[in-house]
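Heads up: the structure comes next, in structure tokens.
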Amino acid sequence: MKKCFLWRMSNWYLLDLIGTAIFAISGALSALGKRMYHDLFGISFIGFLTAVGGGTTRDIIMGAHPIFWIRDPNYIIVIMLGVGIAIAGRRWWFGQLRRPLLFFDTLGIGIYTIFGLQKALSLNVNNWAAVLLGVMSALFGGVLRDTLVNDIPLIFEKHVYATACLVGALLYVLGKELAIDPNLNFLISAASITLIRLFAIRYGWTLPRIGNQ
């Protein structure tokens, strides 16, 4: 019988749970930004979909069953913890909600792009498909979150977003082909995504426009 929670975690597993909690925080913050203060179920539901939406879509496409959060209850536990952290910290340390939402979203996409890519590669998916599945893992939960709260998804905003995930995923595949240590490769690739996205927000980096409109 599986033991639950902290005492059975490897470093990678712990990081995966942390990434899940980070996405749950971003989802809950987005709901709170829409003043859903009295709708605990709605806040929790958006946090849940943000945290598992991308990974669930990835697993369905690859036929990886059972879905990760159905197999392991710890994902549900950390999602609820993330939602609780967002609610508790809304007034005390998060300040204006838009900025922390972007911060937690940025941390989440850095971690989950590479985790999604790794899982795809572990199931013998070709490198190019694995890159796309990694990007999907990172972004689809955020698309669900923004759609549910009636915002334009961040993936469609003018600042560099999906491109950051794509660059990091390609870096990871390159590092794998060059036999770079997997831990170092993960850190370099995930950090690249996070830093590119943070600089894009800070300095307004955008891709070239197509057309004149």
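List of remarks:
- Some residue of the stretch 201-212 being out of contact with any His (no Cβ under 7 Å at 6 or more places or on another chain), loosely packed, with under 11 Cβ neighbours inside 10 Å and closer than 26 Å to Ala129 by Cβ: yes
- Exactly one residue among Ile76, Ile18, Ile87 is closer than 22 Å to Leu195 by Cα, open to solvent by 20 Å² or more (accessible area, probe 1.4 Å), modelled with pLDDT of 85 or more and of a type outside the set (Phe, Trp, Tyr), and that residue is Ile18.
- Residue in the stretch 99-121 that is open to solvent by 10 Å² or more (accessible area, probe 1.4 Å) and outside any helix (DSSP H, G or I) present: no
- Extreme residue, least open to solvent (accessible area, probe 1.4 Å), among residues of the stretch 23-69 that are touching a residue at least 24 places away in the same chain (Cβ under 8 Å) and basic (Lys, Arg): Arg58
- Some residue of the stretch 155-162 being in contact with a strand residue (DSSP E or B) (Cβ under 9 Å, 6 or more places away or on another chain) and open to solvent by 80 Å² or more (accessible area, probe 1.4 Å): yes
- Restricting attention to the stretch 159-213, the residues being assigned to a loop (DSSP other than H, G, I, E, B) and either in contact with a Phe, Trp or Tyr (Cβ under 9 Å, 6 or more places away or on another chain) or farther than 25 Å from Phe103 by Cβ (or both) number 12.
- Within the set Val160, Val131, Val173, Val149, the sole residue that is over 17 Å from Asp59 (Cβ atoms) and at pLDDT 95 or above turns out to be Val173.
- Scanning the stretch 130-158 for residues that are part of a helix (DSSP H, G or I) and charged (D, E, K, R) yields Arg145, Asp146.
The values are calculated or read from the model by the stated rules, or taken from the named source; none is laboratory data. Just so we're clear, the structure is a prediction, and the values are computed from it rather than from any experiment. Because the Cβ atoms are built from the backbone with ideal geometry, glycine has one as well, and the counts that use them run over all protein chains shown. We work out accessible area using only protein heavy atoms, side chains counted, and drop any ligands, DNA or RNA first. Shrake-Rupley method; radii C 1.70, N 1.55, O 1.52, S 1.80 Å.
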